[in-house]
Structures are given as structure tokens and as C-alpha cells.
1. Take residues that are under 26 Å from Lys152 (Cβ atoms) and tell me which of the strands (runs of 3 or more DSSP E) falling wholly in the range 1-92 contain 3 or more.
2. Taking the stated definitions as given, is Glu197 of a type outside the set (A, V, I, L, M, F, W, C) and closer than 19 Å to Thr230 by Cα?
3. Looking at Val116, Val64 in this structure, which one is of a type in the set (Val, Ile, Thr) and without any contact (Cβ under 8 Å) to a residue 60 or more places away in the chain?
4. Name the single residue that is surrounded by the fewest Cβ atoms within 10 Å (Cβ to Cβ) among those in the range 200-223 being in a strand (DSSP E or B) and either among the acidic types (Asp, Glu) or within 16 Å of the chain's Cα centre (by Cα) (or both).
5. Would you kindly identify the strands (runs of 3 or more DSSP E) lying entirely within the range 127-170 that contain at least 1 residues that are under 29 Å from Ala35 (Cα atoms) and of a type outside the set (Val, Ile, Thr)?
6. Considering (1) open to solvent by less than 20 Å² (accessible area, probe 1.4 Å); (2) over 20 Å from Gly132 (Cβ atoms); (3) not polar (S, T, N, Q), say which one Ala159 fails and leave the rest.
7. Can you tell me which of Asn226, Asn166, Asn196 is open to solvent by 40 Å² or more (accessible area, probe 1.4 Å), under 14 Å from Tyr107 (Cα atoms) and at pLDDT below 95?
8. Go through (1) under 21 Å from Tyr10 (Cα atoms); (2) surrounded by 10 or more Cβ atoms within 10 Å (Cβ to Cβ); (3) of a type in the set (A, V, I, L, M, F, W, C) for Ala38 and report which single condition fails.
Amino acid sequence: MLIDTKIIPYETIKGGKEYEIKDYPLGTYSFVAWALPAEDPDVAVIPPVSVGAHYRDQVLEQPVSAANNTYRNSLGEIFEGESAVVLNREQTSRHEISLTTCICQVYFTLYHADMVMDAVTGSPEIWVELEGVRSEMRLGRRYGGREVTVYKDLVYGQAEETLISNRIGILESGDYQSLSATVYVDGVRICRVDTNEKAKAGYVVEIEATLGGGVTVTINGWRVKNAEYTYYV
């Protein structure tokens, strides 16, 4: 059960400085630490928890858009770590908690997008729908919640004739899920990429498709070949 929480400013611990805690009774504790990068454009939210609650009930959630209750916001980078420690008030002890990222970063690029963009007028709505995502992650990196679709607007680079997503921060896939990406322009389905790869915390997934061409999927710098590409228009 949670007995205490502390917020530690980065200035207090930067450069490897230690943070001292005092006056805890003799016993074995679990320390759980969360950290957020200061300059991440997508702001993550540390799971709220009340004193007396079980820490395994803490849930990290994929952000939901307040406007329409859909998953249209990329999850910002957030780090978590936990460590079991034994404290003795008669002795001083030092404990380290290793922090690792909770999110998977997905980048989608569509080349030769001029084949579609030249046929539309005005300012079309263009987005990619990312499937194979769960809505929650519990402590210990256990996926939870339900299967969801994450939406991300695509940006058209006219000079490069590409549509790009920039970073899509998502949580892990479930046991029987795999990542898929579908592109829409003004509600018209343009293309779809189905992979056999899962979203995993710490993974960087790059999906690069070419209209009328092929597809490349790269995970942590390694190209994988198990992807199917469907072109609809």
C-alpha cells in the first residue's frame, strides 16, 4: 500500500546528486519512481495515486481527446522504475532506481503522396489510424485496458511529396495484437500497412510506405520483412 509520495525537482538530483529520505520505520519497501522530460512537446501525466491505495493499481493511460473522447493525442515520453529496498533507521543505506521508458515511438511516412494530394482541393483532413494498441499500462509493464485505435494527423511536405506523422507515442500491444496503420484523406481510405510486430516499451517503429510501391518497417534500426501493404486508390 502507498504510504508516501514525494516530488523531486530535477535541479535537486541533477549531476548524480542523491536525495535523502528520513524517518521511515524498519522494513522492506518498494520504491516506485516516475520521471518526465522537461521539454517533451507531448506532455505525459504521472498516474495519480492516493495514500493507502495499492501501488499495483496505478495505471498509465493513453491520452484521450476531451473534445470527442477518442485517442487523438500522442503519449509523451515517461519513464518508470521500481526497486525493493530494506530500510534500517540505525544505518544509512544508498539505493538506485533505474528508469526506463514506458512508451513505444511510432513514425509513419507515406512517399509519393502527391498522387493523392494533387486530386484534392482546399485543406483536406489527413490522418493515420494506428491499431494494435492497448489503452492502459499497469506497473510492472503489464498491458491492460482495452484495444484502441490511436489517430494522428499527417503533415504534407509539398517539396518532398510526403505525408509524415512525426512521433506517435503509444502503449504496448496485447498478446494477440500487432501494429497496423491506415491512411485517410477526407475520410477516404488510401492505404493500409499490416505488420506482425507488436508495440513494446522502448521500441522505435518506423513505417515507410510508397503509394503505388512497397513498404519498409524498421524496429530499433533493424528492418523487418513481415508486413503487408494494401493500396486502395
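The values are calculated or read from the model by the stated rules, or taken from the named source; none is laboratory data. The model shown is predicted, which means the values in this text are computed figures rather than measured ones. In this analysis, Cβ positions are derived from the backbone assuming ideal geometry, glycine residues included, and neighbour counts consider all displayed protein chains. Remember, those area values only see protein heavy atoms, side chains included, never the ligands or the DNA or RNA. Shrake-Rupley method; radii C 1.70, N 1.55, O 1.52, S 1.80 Å.
1. Result: 59-61.
2. So Glu197 passes the test.
3. Answer to the check: Val64.
4. Among them, the one singled out is Val204.
5. Because the criterion is at least 1 residues that are under 29 Å from Ala35 (Cα atoms) and of a type outside the set (Val, Ile, Thr), the strands (runs of 3 or more DSSP E) in the range 127-170 that meet it are 142-153, 162-170.
6. All conditions are met except number (1).
7. Of Asn226, Asn166, Asn196, the one residue that is open to solvent by 40 Å² or more (accessible area, probe 1.4 Å), under 14 Å from Tyr107 (Cα atoms) and at pLDDT below 95 is Asn166.
8. Ala38 satisfies every listed condition except (2).
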